[in-house]
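K.L.:
Handing you a structure now.
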Amino acid sequence: DAGVIQSPRHEVTEMGQEVTLRCKPISGHDYLFWYRQTMMRGLELLIYFNNNVPIDDSGMPEDRFSAKMPNASFSTLKIQPSEPRDSAVYFCASSLGGFGNQPQHFGDGTRLSIL
Amino acid sequence: GQQVMQIPQYQHVQEGEDFTTYCNSSTTLSNIQWYKQRPGGHPVFLIQLVKSGEVKKQKRLTFQFGEAKKNSSLHITATQTTDVGTYFCAGPGGSYIPTFGRGTSLIVHP
């Protein structure tokens with residue numbers, strides 16, 4: 001079975017540009033999570049969806065970040081405008097059932113560098 | 001909010017030595033999950049513990065959940081170079097939001 005698929009794997013762009021990260025969860029999973037990982041802050045939950053509906057976005061750092069899940073097989077995380085401090089690895093994860101009921105399956109991540 | 005603290009942050013061992021990482025919470029956890037992340041990789045689920053005092057084993061890995069369900073540990077017996085990586089615990093925060101510890105990075109010297 002295909003795992004969680006993220007694209008792109010790497011993104012290098014200049015400050016001020018719009019960045020869009022994409023995620024395809026595992027088919028049939030009803031929860032989708034976006035994380036950001038840095039050395040300074042570790043693994044942070046940004047937002048999660050249940051059945052395509054955003055449930056908690058309290059981890060989104062500021063209004064420059066937005067996330068959507070138009071259907072069960074696709075989600076995007078957008079940063080506009082991007083800043084150097086947004087440089088990090090962004091992971092998408094999906095699960096069948098909420099946290100604590102089932103394991104989370106992570107994608108390979110997008111390594112984002114903002115110059 | 002809910003915080004899950006992990007110690008140590010780093011651990012260097014000689015191949016063949018044992019390794020333990022500890023996870024502590026200020027509040028009672030309904031369950032705890034453990035993940036491993038290889039360098040350059042993504043977190044991979046290892047196991048979930050639910051019951052008070054629960055002990056589970058996976059080959060050389062032993063996972064424990066404390067009696068009060070506020071702490072957990074992962075012990076690796078006779079480490080191998082393939083054990084290198086960062087081990088995370090994760091507990092459910094408010095509204096069952098997953099909260100990850102900072103992780104323990106294991107470095108194994110051959």
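K.L.:
So how long is each side of chain A along the principal axes, counting just the alpha-carbon atoms, biggest first, in Å?
P.N.:
38, 28, 28
K.L.:
What translational diffusion coefficient, in µm²/s and rounded to a whole number, does the Stokes-Einstein relation yield for chain B at 25 °C and a viscosity of 0.890 mPa s, taking the hydrodynamic radius as the Kirkwood radius over Cα pairs? Write down the numbers at each step before the final one.
P.N.:
Details: Rh = 13.9 Å.
Here the translational diffusion coefficient equals 177 µm²/s.
K.L.:
Any chance you could look up the accessible area of A:Ile5 with a 1.4 Å probe, heavy atoms only, rounded to 10 Å²?
P.N.:
The value for A:Ile5 is about 90 Å².
K.L.:
Straight-line reach only, C-alpha to C-alpha below 21 angstrom: list the lysines that A:Lys68 could link to, leaving out same-chain residues fewer than 8 apart.
P.N.:
A:Lys24, A:Lys78
K.L.:
Which three extents, in angstrom, do the Cα atoms of the protein assembly as shown have along their principal axes, listed largest first?
P.N.:
Computed over the protein assembly as shown, the largest-to-smallest principal extents equal 48, 36, 36 Å.
K.L.:
Right, another one. What is the distance in Å between the Cα centres of segment A:1-45 and segment B:1-66?
P.N.:
Going from one Cα centre to the other spans 24 Å.
K.L.:
Could you pull out every one of the lysines with an alpha carbon less than 29 Å from that of B:Lys59, ignoring same-chain neighbours closer than 8 positions?
P.N.:
List returned: B:Lys36, B:Lys51, B:Lys69, B:Lys70.
K.L.:
In whole Hz and in residue order, list the ³J(HN,Hα) couplings for segment B:20-36 that follow from phi through the Karplus curve 6.51 cos²θ - 1.76 cosθ + 1.60, θ = phi - 60°; x for Gly and Pro.
P.N.:
For segment B:20-36, the Karplus-derived couplings read 9, 10, 10, 10, 10, 10, 7, 10, 5, 9, 6, 6, 9, 10, 10, 10, 10 Hz, x marking Gly and Pro.
K.L.:
Continuing with the same structure: Shape verdict for segment B:5-44, please, from the Cα gyration tensor: rounded (a/c under 1.5), prolate (a/b greater than b/c) or oblate. Intermediate values should be presented prior to the final figure.
P.N.:
Details: a/c = 2.43, a/b = 1.45, b/c = 1.68.
Note, shape of segment B:5-44 comes out oblate.
K.L.:
To the nearest whole number, what is the average tally of beta carbon atoms from other chains within 10 Å of the beta carbons of peptide A:33-45? Intermediate values should be presented prior to the final figure.
P.N.:
Working: counts 2, 0, 4, 0, 5, 0, 0, 0, 1, 7, 12, 2, 6.
Averaged over the peptide's residues, the number is 3.
K.L.:
Rg/Rh for segment A:53-115: what does it come to with C-alpha atoms and Rh from Kirkwood? Can you show the working numbers first?
P.N.:
Details: Rg = 13.1 Å, Rh = 13.4 Å.
Ratio of gyration radius to Kirkwood radius: 0.98.
K.L.:
Next up: Quick one: 3J(HN,Hα) in Hz for segment B:75-84, Karplus 6.51/-1.76/1.60 with θ = phi - 60°, rounded, Gly and Pro as x.
P.N.:
Per-residue couplings from phi come out as 10, 10, 8, 6, 4, 10, 4, 6, 7, 4 Hz.
K.L.:
Let me ask something additional. Which ³J(HN,Hα) values in Hz, rounded to whole numbers, follow from the phi angles of segment A:19-28 under the Karplus curve 6.51 cos²θ - 1.76 cosθ + 1.60, where θ = phi - 60° and Gly and Pro get x?
P.N.:
Result, rounded to whole Hz: 10, 10, 9, 10, 8, 10, x, 5, 4, x.
K.L.:
Also, I was wondering about something else. Using the heavy atoms of the protein chains alone and a 1.4 angstrom probe, what is the accessible area of chain B per residue in square angstrom?
P.N.:
Numbers: 5310 Å² over 110 residues.
Result: 48 Å² per residue.
K.L.:
Still on this structure: Can you list residues from other chains, or at least 5 along the same chain, whose modelled amide H is less than 5 Å from the amide H of B:Glu17?
P.N.:
B:Thr79
The values are calculated or read from the model by the stated rules, or taken from the named source; none is laboratory data. Model, not experiment: these values are computed from the prediction. In this analysis, Cβ positions are derived from the backbone assuming ideal geometry, glycine residues included, and neighbour counts consider all displayed protein chains. Protein only, heavy atoms only, side chains kept; ligands, DNA and RNA dropped before computing areas. Shrake-Rupley method; radii C 1.70, N 1.55, O 1.52, S 1.80 Å.
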